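Below: one structure, written as structure tokens.
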Amino acid sequence: QCQLNGLWRNEQDSLMEISVLRDNGDFQGQYLTRVTLSGGCAQISPLKGTQQWLGEEGWPTFAFTVRWDKFSNATTAFVGQCFVDAGGKETLTTMWLLREAVGSLEEDWKATR
């Protein structure tokens, strides 16, 4: 069984901590990114999400958002799934979509990464 709560590190050396995991699947925590759009120092940002259990035979899927309000005008949405290998190691696989605020509708084309 895969447990989302705890401390996670990604390939870019960013850290995510899920500290509250409720019975209904909702969770919250914080994200410390080492990759910033502004090139400045990383700061802790809040995250909120939910997981969907697929039953005893499946691995849970999840989604969460991170609001980079302390150093950026962007929000990122992550979706993924948690897996456990034969040795018991838990791994999260995710895809993300970042939306940066822009000043006009004409600039909308460059706002999503």
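Structural remarks
- Candidate set: the range 102-113, residues that are open to solvent by 60 Å² or more (accessible area, probe 1.4 Å) and part of a loop (DSSP other than H, G, I, E, B); chosen: the one farthest from Leu7 (Cα to Cα): Gly103
- In the range 74-113, the residues that are more than 22 Å from Gly29 (Cβ to Cβ) and touching a residue at least 24 places away in the same chain (Cβ under 8 Å): Glu100, Ala101
- Subset of the range 60-89 that is at pLDDT 95 or above and of a type in the set (A, V, I, L, M) - its residue that is nearest to Pro46 (Cα to Cα): Ala77
- Residues of the range 6-18 satisfying the condition of being in contact with a Gly (Cβ under 8 Å, 6 or more places away or on another chain) and either modelled with pLDDT under 85 or open to solvent by 30 Å² or more (accessible area, probe 1.4 Å) (or both): Glu17
- Hey, Arg99 open to solvent by 40 Å² or more (accessible area, probe 1.4 Å), in contact with a Leu (Cβ under 9 Å, 6 or more places away or on another chain) and basic (Lys, Arg) or not: no
- You will find that of Leu37, Leu92, Leu21, the residue that is open to solvent by less than 60 Å² (accessible area, probe 1.4 Å), at pLDDT below 90 and at negative phi is Leu21 and no other.
The values are calculated or read from the model by the stated rules, or taken from the named source; none is laboratory data. Being a predicted model, the structure only gives us computed values, none of them experimental. Note: ideal-geometry Cβ built from the backbone for every residue, glycine included; neighbour counts use all protein chains shown. Note: areas computed on protein heavy atoms with side chains; ligands, DNA, RNA excluded. Shrake-Rupley method; radii C 1.70, N 1.55, O 1.52, S 1.80 Å.
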